[in-house]
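Asks: Questions regarding the structure given below will be posed in turn.
The values are calculated or read from the model by the stated rules, or taken from the named source; none is laboratory data. Because the structure is a prediction, the values reported are computed rather than measured. Ideal geometry is used to build each Cβ from the backbone, glycine not excepted, and the neighbour counts take in all protein chains shown.
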């Protein structure tokens, strides 16, 4: 599957003079991850609807409708909101394809940001299959849909074993600290005193005494 939007790099600099290098996720990778999440949601919703039909068959039609409507809303928004808020910006689909939603400056996404991002998902999904979201992604050129623009988040590639942390360590600016190498250590005071005394050398002779 071709990616209409290529992966781009996002470099974030912090006040501690450390730069984090992120690779913004392309549209194709995000779409495949979203399809996996939708398949998981479809399976859970089917189980919910089976339970609602069973309740309706027992003669509780109103309860069955409430279970189907309210349960669908809670499952759809609760899945994305809970996963991204408590799983470091990842859902199951993002986890499989190594994607992660973070803040604009690379910081972990907060609970409020996850909520805003997924509430605006309703508008992104219009009129069908994320039509508005795809258009916004192409227009802004930053890999952001409306939910990302509203919450101040961005979806990046999550390399294994904290690759971004290793990149940050490589980009860390050198600090002026004293070298701790044993070869550059200054001799101790005791050693310097010994080196100044003539008796420190085993073959040295004591100076003759004056008579």
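Asks: Quick check on this structure: which one of 59, 43, 93 is part of a helix (DSSP H, G or I) and surrounded by fewer than 18 Cβ atoms within 10 Å (Cβ to Cβ)?
Replies: Answer to the selection: 43.
Asks: Oh, and also: Report every pair of residues separated by at least 6 positions or lying on different chains whose Cβ atoms are under 9 Å apart, first residue within segment 124-146 and more than 19 Å from residue 102 (Cα to Cα), second modelled with pLDDT under 85 and assigned to a loop (DSSP other than H, G, I, E, B).
Replies: Partner pairs satisfying both residue conditions: 134/4; 138/4; 138/5.
Asks: Please state which one of 163, 133 is buried (at least 16 other Cβ atoms within 10 Å of the Cβ) and at pLDDT below 90.
Replies: None of the other options fit; the residue is 133.
Listed here are the residues, each with its yes/no results for (1) within 19 Å of residue 113 (Cα to Cα); (2) free of Cβ contacts under 8 Å to residues at least 24 places away in the same chain.
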position: 40; (1), (2): no, no
position: 46; (1), (2): no, yes
position: 49; (1), (2): no, yes
position: 54; (1), (2): no, yes
position: 57; (1), (2): no, yes
position: 62; (1), (2): no, yes
position: 76; (1), (2): yes, no
position: 81; (1), (2): yes, no
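Asks: Still on this structure: What is the residue count in segment 96-112 for residues that are surrounded by 15 or more Cβ atoms within 10 Å (Cβ to Cβ), under 10 Å from the mean Cα position of the chain (by Cα) and at negative phi?
Replies: Going through segment 96-112 one residue at a time, the tally reaches 6.
Asks: Condition first: surrounded by fewer than 19 Cβ atoms within 10 Å (Cβ to Cβ) and part of a loop (DSSP other than H, G, I, E, B). Now tell me which residues in segment 78-90 satisfy that.
Replies: Residues satisfying the conditions are 87, 88.
Asks: It is to be established whether one or more residues within segment 141-151 are at pLDDT 50 or above and surrounded by fewer than 12 Cβ atoms within 10 Å (Cβ to Cβ).
Replies: Yes, that holds for at least one residue.
Asks: Failed condition for residue 64, given (1) buried (at least 18 other Cβ atoms within 10 Å of the Cβ); (2) within 25 Å of residue 142 (Cα to Cα); (3) in contact with a helix residue (DSSP H, G or I) (Cβ under 6 Å, 6 or more places away or on another chain), with all others met?
Replies: With (1) buried (at least 18 other Cβ atoms within 10 Å of the Cβ); (2) within 25 Å of residue 142 (Cα to Cα); (3) in contact with a helix residue (DSSP H, G or I) (Cβ under 6 Å, 6 or more places away or on another chain) applied to residue 64, the lone miss is (2).
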